[in-house]
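In what follows, a structure is listed as structure tokens, so that the remarks can point back to it.
Just so it is clear, none of the values below were taken in a lab; they were calculated from the coordinates. Model, not experiment: these values are computed from the prediction. Virtual Cβ from ideal backbone geometry, glycine too; neighbours counted across all protein chains shown.
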Amino acid sequence: MNNTMKKSVKKCNFLLFCLIALVKTGCVKPIDNIITVIGTGYVGLVTGAGFASLGNQVICVDINTEKIKMLQKKQIPFFEPGLQELVHTVATTGHLSFTDNVGDAITKANILVIAVGTPSRADGHADLSALFKVLDTIICNMNNYKIIVVKSTVPITTNKKIEQYMLEKGIDHSLFAIVSNPEFLREGSAVYDFLNPDRVVIGTNNQAAAQCIADIYKPLKNGTVPLIITDTTSAELIKYASNAFLATKISFINEIANLCDHVDADIVTVAKGMGLDVRINPYFLNPGPGFGGSCFPKDSLELCATALAYNVPLDIVQGSLVVNNNQQELAVKKVKELMGPDLKGKTVCILGLSFKANTDDIRYSPAIKTIELLQKELVTIQAYDPVASSHMSVLFPDVTYAASIDDAVCNADVIIILTEWDVFKKIDWQKVRSQVRQPYLIDMRNIVDPVICMDTGFVYQGIGRGSYKNNNYVYNARPSCN
């Protein structure tokens, strides 16, 4: 594990390893619930391990047999700081197990947590086919009363439709309760977010089921986690509205940063001045190459599609998507501003392929659009990412994926930083200056000190850093962004 990964793990170490110690010593009081989590992706695996760390008996199930074999060996199929350690501990103590026998896992549990993917369809709506396949399997294996918890992000009114679907299939209302329990996990800090939530949202029309799910979360933060108990539709909308708002905030600061480039203002200073206002706060005020990942793009698209179906267009949310699409083209535009319109034959180094630091997820990553545009310019691309290169190589096998930063920058005509990995913040630019063919740097995350970089002979361009020379004292005090 490299230094970047170690730092990421340390973010959640205190709370995580306190819980691990309690589990190991038996101080976590056993709970009568048996929870089956269906789906072992980011959400399902973190949720299952998290519930197990709180003393529950948890079965994680997936139809992907190879993935289950990995998990049974305590191997994690994706990178998420702290998850390997947590899974290893709760699996070793017997609180967490894995199986590909879905029917058996359903019959053993009194609480079923659905955490399967709901990707976007071409029309913007979420694809619920996997979710309804799970429901059919649950219906075929109903042997007693079960609380069905929907963790998957589903369109507004879906939980009502699930309840109706169960009734239409002949399952008596007395045998089940539906609970919407949306997740708010950030990739790269999902374990920390599960163990230290800002709030827990529980949507249901069944008071007993609501209390049961609330009790499962009660050990977190000594029982002080704010609980929002509401109807299923409001719970669904809380999830979508939260992600759409954060996506909009990112697009907003990106637009302001682009304006800063043209009026000779410094976005770092502007963002700091804005973020000190408690009504605004500093989070999500760092400009970049556009948002990506499995949540913001997909959820914004779904929310807009749903609203349009009710003839309530969401112009602001739709606008944030338009801005984001344009922002993902900005890196190549900046390269052409520095080097001219003809890039044919140039060598471009890309640092960072995942959509954000501390994850190997490349879904909707700005690097995808950047690579697509660069390939049209007939350039040679050398890329490096601490953990995401293997995933990107599936999409772009003709890109050269370097094993180190040194290999990636070698003989490059321009360097583009797309992901804010800590290791990129520590680059020795004096050393890199001797390795590149031409000293051009496009910093799409504003993580490099432009003065230090330019002192080594680089031509630097960030986002919205027009007057950074007059505001350099602000740089080291910039607000952090989650």
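Quick rundown of the values:
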{"read-out": "Kirkwood Rh in Å, taken over the range 328-462 so that all alpha-carbon pairs contribute", "value": "14.5 Å"}
{"read-out": "Largest-first principal axis extents, alpha carbons of the range 381-424, Å", "value": "23, 23, 16"}
{"read-out": "Amide H within-cut-off set for residue 440, under 5 Å, with H built and near neighbours excluded", "value": "415, 459"}
{"read-out": "Eligible aspartates and glutamates near residue 133 by straight Cα distance, threshold 14 Å, same-chain separation 8 or greater", "value": "62"}
{"read-out": "Fewest-first ranking of 168, 183, using other Cβ atoms within 10 Å as the exposure measure", "value": "168, 183"}
{"read-out": "For the range 3-230, size of Cβ-based charge dipole, Lys and Arg +1, Asp and Glu -1, in debye", "value": "680 debye"}
{"read-out": "Spread of Cα-to-Cα distances over 10 Å intervals beginning at zero, given as percent, for the range 3-230", "value": "8, 34, 38, 17, 2, 0"}
{"read-out": "Exposure proxy ranking, count of Cβ atoms within 10 Å, fewest first, for 421, 429", "value": "429, 421"}
{"read-out": "Unit Cα scatterers, Debye sum, the range 233-326: log10 I(q)/I(0) for q = 0.22 Å⁻¹", "value": "-1.09"}
{"read-out": "Cβ-based charge dipole, the range 3-230, positive-most Cα from 177, 201, 191", "value": "191"}
{"read-out": "Sorted by Cβ neighbour density within 10 Å, fewest at the top, the residues 234, 300", "value": "234, 300"}
{"read-out": "Computed E for residue 93/residue 283 - FRET, C-beta separation, R0 41 angstrom, nearest 0.05", "value": "0.70"}
{"read-out": "Residue-averaged 222 nm ellipticity for the chain, from DSSP H runs of 4+ at -39500 (n - 2.57), nearest 500", "value": "-13000 deg cm²/dmol"}
{"read-out": "Calculated log₁₀ intensity ratio I(q)/I(0) where the Debye formula runs over C-alpha points of the range 161-214, q = 0.13, 0.14, 0.25, 0.29 Å⁻¹", "value": "-0.45, -0.51, -0.95, -1.11"}
{"read-out": "The range 408-415 - phi-based ³J(HN,Hα) in whole Hz, Karplus 6.51/-1.76/1.60, Gly and Pro as x", "value": "5, 8, 4, 6, 6, 8, 7, 10"}
{"read-out": "Calculated FRET value between residue 122 and residue 143, using beta carbons and R₀ = 45 Å, to 0.05", "value": "0.70"}
{"read-out": "Translational D in µm²/s for the range 104-156 (Stokes-Einstein at 25 °C, 0.890 mPa s, Kirkwood Rh from C-alpha pairs)", "value": "205 µm²/s"}
{"read-out": "Contour minus Cα-Cα distance for residue 403 and residue 309 (0.36 nm per residue)", "value": "29.1 nm"}
{"read-out": "Euclidean distance of C-alpha centroids, the range 146-198 and the range 275-298, integer Å", "value": "26 Å"}
{"read-out": "Between helix 129-140 and the chain: long-axis angle, C-alpha atoms, 0 to 90°, nearest 10", "value": "20 degrees"}
{"read-out": "Amide proton proximity set for residue 462, modelled H, under 5 Å, gap of 5+", "value": "443"}
{"read-out": "Cα-projected label distance for residue 276 with residue 186, points at 7 Å along beta-carbon direction, nm", "value": "2.3 nm"}
{"read-out": "Lys/Arg +1, Asp/Glu -1 at C-beta; the chain dipole; positive extreme among 155, 312, 38", "value": "38"}
{"read-out": "Principal semi-axes in Å for the range 34-116 [√(5λ), Cα gyration tensor, largest first]", "value": "17, 14, 11"}
{"read-out": "Fraction of alpha-carbon pairs over 45 Å apart in the chain - percent", "value": "16 percent"}
{"read-out": "Descending semi-axes in Å of the range 120-240, equivalent ellipsoid built from Cα gyration tensor", "value": "24, 19, 13"}
{"read-out": "Amide H within-cut-off set for residue 34, under 5 Å, with H built and near neighbours excluded", "value": "110, 111"}
{"read-out": "Tilt relative to the chain, helix 158-168 - C-alpha long axis, 0 to 90 degrees, to 10", "value": "30 degrees"}
{"read-out": "Stretch gain in nm, segment residue 129-residue 78, where the contour uses 0.36 nm per residue and the Cα spacing is subtracted", "value": "16.0 nm"}
{"read-out": "Pairs of Lys in the range 328-462 closer than 15 Å at Cα, counting only those 8 or more apart or on different chains", "value": "13"}
{"read-out": "Between 0 and 90°, nearest 10: helix 42-53 axis offset from the chain longest Cα axis", "value": "50 degrees"}
{"read-out": "Where labels lie 7 Å past Cα in the beta-carbon direction, separation of residue 390 and residue 329 in nm", "value": "3.5 nm"}
